[in-house]
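Below is one structure; the comments refer to it alone.
The values are calculated or read from the model by the stated rules, or taken from the named source; none is laboratory data. Just so we're clear, the structure is a prediction, and the values are computed from it rather than from any experiment. Reconstructed Cβ throughout: ideal geometry from the backbone, glycine too, with neighbour counts over all protein chains shown.
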Amino acid sequence: MMKKTLVYATVLIVIAGVLFIGLRGCTFMPWNAKTPDGSMVSVSITEEFGRRLVKSGKVRVKEGDSALDALKEVARVQTDYGGGFVSAINGIKSAANGKRKDWFYYVNGTLSGIGSNQWEARAGDTIWWDLHEWSGRNFIPAVVGAWPQPFTIGYSRKPQRSRVMYGDGMESLARDVGGYLEKNGADVVYSTRVSRREHDGSGPAIVFLSFGQARRIPWVVDALAQPGKNGSFVTIDDEKLVALDSDGQAAPAGNSAQAAVVSTGSGMGDASPVWFVICDGGAGAARVRRLLVSETERLALKVGVAVEANGSVYALPR
């Protein structure tokens, strides 16, 4: 009797082992419910236009998770007005003493136009939360800090063509940067028609110009004349690049800047931002080429950047 019992037990163990090995390969079993690596979202939290890092991390998201859900995986969050308005992160609160200071969030370089509890976070998104002052003269709809996502993934996540536009003498730089975008998945078309605005809002654009061209082309002049409304924070004065502060005023002069990279938008949720890359000759173009192709991490968590003659990169607004 004992012998039969041992035989039955051995058979049961063998059957259980075979079943486990067979089921182990089935994707519907709990131990095989793997989330693909591509479901990661980058979440960063800063203050004062990216000047102070509060926290950052990568979050694995699933279908239906919101930008707010992703934020809560990284930090402590307090919300108001039905849950969509973030009023405090890690105890750092919005304020209304004098100038209004609030938390803003950018998805792939664009200021979101809906509450964070409504925006569905998806694989590859770069979500940046920043606490800064704002007013009617200081509202930033687009930033460079998510490069190259505005051109590869975009805010709308719909297939869009990225327009690479360039003035005389800027073709080599434009095509090098365009090539970088294409390698990262962007659908790129090139254009030399920079004299008038032909960007139709159907996708993002990046415009490469010299200082002189940026001063002479009316629609570019108009764009750079509204730093507090579109996020540019640079101007050209007497063939010199002038960095602006958050109020749109000329910042104290430092070393002479050879180039700037800024992003502009028409408002919240603009899926077709227009970037300007403005260079002072070949030296400025060489420095920008490194910044946009091989040293891209130097753009991270910045509204805009200026590049000095010594290669230093500083954030805009100053």
Any idea which of Ile236, Ile206 is modelled with pLDDT of 95 or more and surrounded by 20 or more Cβ atoms within 10 Å (Cβ to Cβ)?
Ile206
For the range 70-100, give me the residue count where each residue is among the polar types (S, T, N, Q), in contact with a Ser or Thr (Cβ under 7 Å, 6 or more places away or on another chain) and at pLDDT below 90.
0
Restricting to helices (runs of 4 or more DSSP H) lying wholly in the range 175-288: which have 1 or more residues that are over 26 Å from Gly311 (Cβ atoms) and either not basic (Lys, Arg) or not assigned by TED's automatic domain parsing to the domain that holds Pro159 (or both)?
218-224, 227-230
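What strands (runs of 3 or more DSSP E) completely inside the range 37-111 contain at least 2 residues that are closer than 22 Å to Ala300 by Cα? I'd like the intermediate steps shown before the answer.
Working: elements: 40-47, 52-60, 77-80, 85-89, 100-107.
By residue number, 40-47, 52-60, 100-107.
Name the residue, out of Gly124, Gly109, that is of a type outside the set (S, T, N, Q), surrounded by fewer than 20 Cβ atoms within 10 Å (Cβ to Cβ) and not assigned by TED's automatic domain parsing to the domain that holds Asp270. It would help to see each step written out before you state the result.
Working: Gly109 fails: surrounded by fewer than 20 Cβ atoms within 10 Å (Cβ to Cβ).
Gly124 is the lone residue from the list that is of a type outside the set (S, T, N, Q), surrounded by fewer than 20 Cβ atoms within 10 Å (Cβ to Cβ) and not assigned by TED's automatic domain parsing to the domain that holds Asp270.
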When only residues in the range 138-168 that are within 16 Å of the chain's Cα centre (by Cα) and in a strand (DSSP E or B) count, which is farthest from Leu244 (Cα to Cα)?
Ser162
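Among the candidates Ala33, Ala67, Ala9, single out the residue that is of a type in the set (A, V, I, L, M) and modelled with pLDDT of 80 or more. First the steps, then the outcome.
On the way: Ala33 fails: modelled with pLDDT of 80 or more; Ala9 fails: modelled with pLDDT of 80 or more.
When all the criteria are applied, what remains is Ala67.
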